[in-house]
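**Q** The structure follows.
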2 protein chains.
Amino acid sequence: MRATILVRPKAGILDPQGEAVESSLRQLGFPVEEARVGRVIDLDLDAATPDEARGEIERMCERLLANPLIESYEIEVAE
Amino acid sequence: MRATILVRPKAGILDPQGEAVESSLRQLGFPVEEARVGRVIDLDLDAATPDEARGEIERMCERLLANPLIESYEIEVAE
């Protein structure tokens, strides 16, 4: 089963990569007000149902893929 | 206008970060077959229409946000 996880810095958390992207885009003349940078993780995993996959991925996020203190995550499981 | 860009390593391109995630998840006992890691970029930009925003973002991707030789990108503009 395929799934996509988006891991983003939470609002209010410093995002140096986003700041660098924002300032570089502005220097190139692009009309950017804000940029934030996170990670996209594409997974292929063994799971019998989308619900089971989602449960497994939540555990992966809590244990390894995200830092819940400073990052939020969003899970999309391909049906 | 808000937009989200997903930048991913192209198929066949080495992805050391994905390999590290894959092997760590397996060591933790998760039934993962493959993991690939890319970037998610959230932008707030000035644009009159979603089409104009998409055009600007394509130029940003070609010039700064992605390396078209080894990465593919996907643009979602919030209507």
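**Q** Could you list, in sequence order, the residues of the range B:47-78 that are out of contact with any strand residue (DSSP E or B) (no Cβ under 6 Å at 6 or more places or on another chain) and of a type in the set (Gly, Ala, Ser)?
**A** The answer is B:47, B:48, B:55.
**Q** Within the range A:46-61, track down each residue that is under 13 Å from the mean Cα position of the chain (by Cα) and either under 10 Å from residue A:1 (Cα atoms) or more than 10 Å from chain B (Cβ to nearest Cβ) (or both).
**A** A:58, A:61 - these are the residues of the range A:46-61 that are under 13 Å from the mean Cα position of the chain (by Cα) and either under 10 Å from residue A:1 (Cα atoms) or more than 10 Å from chain B (Cβ to nearest Cβ) (or both).
**Q** Hey, among B:35, B:48, which residue is among the aliphatic types (A, V, I, L, M) and open to solvent by 70 Å² or more (accessible area, probe 1.4 Å)?
**A** B:48
The values are calculated or read from the model by the stated rules, or taken from the named source; none is laboratory data. As the structure is a computational prediction, the values presented were derived from the model and not from experiment. Heads up, the Cβs are rebuilt from the backbone with ideal geometry, glycines too, and the neighbour counts pull from every protein chain shown. Just the protein is used for accessible areas: all its heavy atoms, side chains included, with ligands, DNA and RNA removed. Shrake-Rupley method; radii C 1.70, N 1.55, O 1.52, S 1.80 Å.
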